[in-house]
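Take a look at the structure below.
Read-outs throughout are calculated quantities, based only on the coordinates presented, and are distinct from any laboratory measurement. Predicted model only: the values in this text are computed from it and were never measured. Cβ sites come from the backbone with ideal geometry, for glycine too, and all protein chains shown count toward neighbours.
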Amino acid sequence: MRELDGKVAVVTGAGHGIGRETALALAAKRCRLAICDVNEAALEGVRHELEVGGAAVTAHRVDVSDKVQMEAFAGDVVRAHGAANILINNAGVTVYASFEEHSVEDLEWILGVNLWGVIYGCKFFLPHLKASGEGHIVNLSSVFGIIAPPLQTSYVASKFAVRGFSESLRVE
C-alpha cells in the first residue's frame, strides 16, 4: 500500500503514547481513523485532537483483552467506515516487578492486553482486511520481544509471543 489517503486505519491503545502518535501520523497522511482505548477520557481527548486537525475519526472504548468487545469493535468499524485497510495492534501494559511478586491477576492482565489483544485484533479484523484487497497488519512488540531484562518477565513473555505470532502469521 503506497497511498494512504482515504484508507481506514484502526489503532488500538490510541489514548496516549505510541498509539496517539501513530493516529496523528496516519491522520497527517489523510487516513480515516478508528481509534480505541480502555481509558475513555484519554480516548476522547485524542479523538478531539484529531477532529480539530480535520481527521475523519471514530472513537471506541474497547478493552482489547475482551474477545466479545474486540469482535464487536471490528464490526462497528466496518459499519462506520465501510472497510478496514490497516490494523495497528498497539495497546500494551506492564507491571514493573519480579515474576514472584506478580499476582496471577497481573499475569492475566498483561497477557490479556499484550498478547490476546493482538490475537483478537488479527482474528476479527483479518476478514475485513482481506476483503479490502490491500489490508495490512502492524503488531507492535518491543525490544523486550528480543531481549529479556529482569523485573519484566511477564511483559517479556507477552512481547516474545507477539513477535512469534506475527512472524508465523506473516508467512501464512
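Take every Cα pair under 8 Å whose residues are at least 6 apart in sequence, average their separation, divide by the length of the range 8-171, and the relative contact order is 21 percent. All alpha carbon pair distances within the chain were sorted into 5 Å bins beginning at 0; the resulting P(r) in whole percents reads 2, 9, 18, 21, 20, 15, 9, 5, 2, 0. Each of Phe165, Phe73 has some number of other Cβ atoms within 10 Å of its Cβ, and from fewest to most they run Phe165, Phe73.
Straightening the chain between Glu100 and Asp76 buys 4.6 nm, computed as 0.36 nm per residue apart minus the Cα-Cα spacing.
For the pair Val138 and Glu51, label points projected 7 Å from Cα toward Cβ lie 2.5 nm apart.
Of the residues Tyr155, Tyr96, Tyr120, the one that moves most in a GNM of the chain with alpha-carbon contacts below 10 Å is Tyr96.
Taken along the Cα-to-beta-carbon direction at a fixed 7 Å, the label points for Glu172 and Arg61 span 3.2 nm. Put in line by how crowded their Cβ is, counting other Cβ atoms within 10 Å and starting with the fewest, Lys159, Lys123 read Lys123, Lys159.
Who wins for biggest fluctuation among Val118, Val162, Val93 in a Gaussian network model of the chain, springs between alpha carbons below 10 Å? Checking each option, the largest mean-square fluctuation is seen for Val93. Among the DSSP helices (H) of the chain, those spanning at least 24 angstrom by Cα along their long axis with an average Kyte-Doolittle hydropathy of -1.0 or more are 153-171; this is a geometric and hydropathy rule only. Take each peptide in 11-17, 46-52, count the other Cβ atoms within 10 Å of every residue, and average; sorted highest first, the result is 11-17, 46-52. Residues whose amide H falls under 5 Å from that of Ile88, counting only those 5 or more places apart or on a different chain, are Val10, Val11, Thr12, Val138, with hydrogens built in the peptide plane.
Straightening the chain between Ile147 and Lys130 buys 2.8 nm, computed as 0.36 nm per residue apart minus the Cα-Cα spacing.
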